[in-house]
């Protein structure tokens, strides 16, 4: 995990989560394997249940998903905060995955997703996408998430590990708290979208 990504997750913590220290939160990290660093030390409050999720077993992984598109291992409306860094560029059909983000978040729950807007190809095992603020905003809107922040680090900050090259983008979004009837409609919409889009996705 490069310095730029760690720095932005620290900013997310300070702006959105610092006031929640001491509260009971379930935090899900999608793409959590410790490859040169992890967010676990940033999101380290004793009251928080930090769950690392990835596609392979390894250091920092608590749950191994069978597929990035159907998270059967994670219950709907069960997660307070979902974070993901340097993973979405490696997900071939990210528009299916973002529907799972909506599904597992509790009403009022937040997500913070970091992914590059620049940089060189780095297959793990594939490298498919780069994200701009408008792209992250569109992705969130597609999944019925309210955008709180969508921005890209366009200017270098002088990270010693050279991670300015990635020009990381940051999305912070919240799952709305719907009225009971609208909640039923929104969850049905998400279910149908996911069912149709994931039909031929493996």
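Since every read-out is calculated from the coordinates, none of them should be taken as a lab result. Here the structure is a predicted model, which is why all the values come from computation and not from measurement. For neighbour counting, all protein chains shown are included, and Cβ atoms are generated from backbone atoms with ideal geometry for every residue, glycine included.
Taking the mean number of other Cβ atoms within 10 Å as a proxy for protection, how do you rank 59-65, 49-55 from highest to lowest? Spell out each step's value before the answer.
Values: 59-65: 15.9, 49-55: 20.1.
Highest-to-lowest ranking by the protection proxy: 49-55, 59-65.
Quote the FRET efficiency, to the nearest 0.05, computed for residue 154 versus residue 127 with a Förster distance R0 of 30 Å and r equal to the Cβ-Cβ distance. Can you show the working numbers first?
Values: r = 21 Å, r/R0 = 0.69.
The calculated FRET efficiency here is 0.90.
Using all alpha carbons of the range 3-197, what is the percent of pairwise distances in each 5 Å bin, ordered from the shortest bin to the longest?
Values per bin, smallest distances first: 1, 8, 16, 21, 22, 17, 10, 4, 1, 0, 0.
Considering only C-alpha atoms, what is the centroid distance from the range 173-202 to the range 89-126, in Å?
Their Cα centres are 17 Å away from one another.
So how do 76, 163 line up by other beta-carbon neighbours within 10 Å, fewest first? Please report the intermediate quantities before stating the final value.
Numbers: 76 15, 163 22.
So the residues, fewest neighbours to most, are 76, 163.
With each label point set 7 Å from Cα along the Cα-Cβ vector, what nm distance links residue 134 and residue 72?
4.0 nm
Would you look at the GNM of the chain, springs on alpha carbons closer than 10 Å, and say which of 156, 180, 46 moves the most?
Most flexible of the set in this elastic network: 180.
For labels at residue 184 and residue 146 in the simple 7 Å Cα→Cβ model, what's the distance in nm?
For residue 184 paired with residue 146, the spin-label model returns 2.3 nm.
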